[in-house]
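In what follows, a structure is listed as structure tokens, so that the remarks can point back to it.
The values are calculated or read from the model by the stated rules, or taken from the named source; none is laboratory data. All values derive from a computational prediction rather than experimental measurement. Backbone-built Cβ (ideal geometry, glycine too); neighbour counts: all protein chains shown.
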Amino acid sequence: MLELEFRPMRVEDLDRVYEIETASFKNCPWPKLAYKREITENRLSDYCVCLYDGRIVAFAGMWSIYEESELTKIATDTSMRRMGIGKRLLLHMMQRARERGSSRMSLEVRVHNEPAKELYRSLGFVEIGIRKNYYPDTREDAIIMANTGLCDIHGGGGDCA
């Protein structure tokens, strides 16, 4: 298993984060300034990076409001995909959501993004709705998925409160 390190995203990470962002979301990447604002101004956000051998290979972010967190971004370097990094990063974010008091996490995913949907299902996410014409680049629909069992991460069970 790869030895990975997770830590909060910092301003000095943004060049590398943006490389992964533009490779992963070619047609509609978030601007670098959006990430800077998320990590310096948005008190509801929580963004982290995943490092392998000291290099950022993935990142993720979420907003947490009361008992719900929404995964806003998750991306892995294209050369490091299908190695379990995304799954471990998402588990890390789910744990952070729980620590912030969330019992539920939601996200949107492109209708045709089968690898991502497979990952989300493997971690207990289920489809709960559709956002029509959600993605501005292709007008593709987004599937809304949610996991309402954050209290059961790693089989811990119990109360989230």
Residues being modelled with pLDDT under 90 and touching a helix residue (DSSP H, G or I) at 6+ places or on another chain (Cβ under 9 Å) - total across region 2-31
5
Out of Glu70, Glu140, report the one residue that is in contact with a strand residue (DSSP E or B) (Cβ under 9 Å, 6 or more places away or on another chain), closer than 23 Å to Cys28 by Cα and at pLDDT below 90.
Glu140
Need pairs with beta-carbon distance below 6 Å; first residue within 23 Å of Arg37 (Cβ to Cβ) and within region 72-89, second modelled with pLDDT under 90; sequence gap 6+ or separate chains.
Ala75/Ser24
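What about Ala116, is it of a type outside the set (S, T, N, Q) and farther than 17 Å from Pro8 by Cα? Spell out how you get there, then give the answer.
Values: of a type outside the set (S, T, N, Q): yes; farther than 17 Å from Pro8 by Cα: yes.
The answer is yes for Ala116.
Pull up region 89-134, narrow it to residues that are polar (S, T, N, Q) and closer than 19 Å to Cys28 by Cα, then point me to the one that is modelled with the highest pLDDT. Steps first, please.
First, pick out the residues of region 89-134 that are polar (S, T, N, Q): 95, 102-103, 106, 113, 122, 133.
Now restrict to residues that are closer than 19 Å to Cys28 by Cα: 113, 133.
Values: Asn113: 91, Asn133: 87.
Among those that are polar (S, T, N, Q) and closer than 19 Å to Cys28 by Cα, it is Asn113.
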Selection from region 40-69 of residues assigned to a strand (DSSP E or B), farther than 18 Å from Glu21 by Cα and of a type in the set (Ser, Thr, Tyr) yields Ser64, Ser69
Going residue by residue through region 77-85, is there one that turns out to be touching a strand residue (DSSP E or B) at 6+ places or on another chain (Cβ under 6 Å) and either basic (Lys, Arg) or buried (at least 21 other Cβ atoms within 10 Å of the Cβ) (or both)?
no
Matching entry among Tyr52, Tyr18, Tyr35 (being over 22 Å from Phe125 (Cα atoms) and touching a residue at least 40 places away in the same chain (Cβ under 8 Å)):
Tyr52
Met145 is checked against (1) modelled with pLDDT of 90 or more; (2) closer than 27 Å to Phe25 by Cα; (3) part of a loop (DSSP other than H, G, I, E, B) and fails just one. What number does that condition carry?
(3)
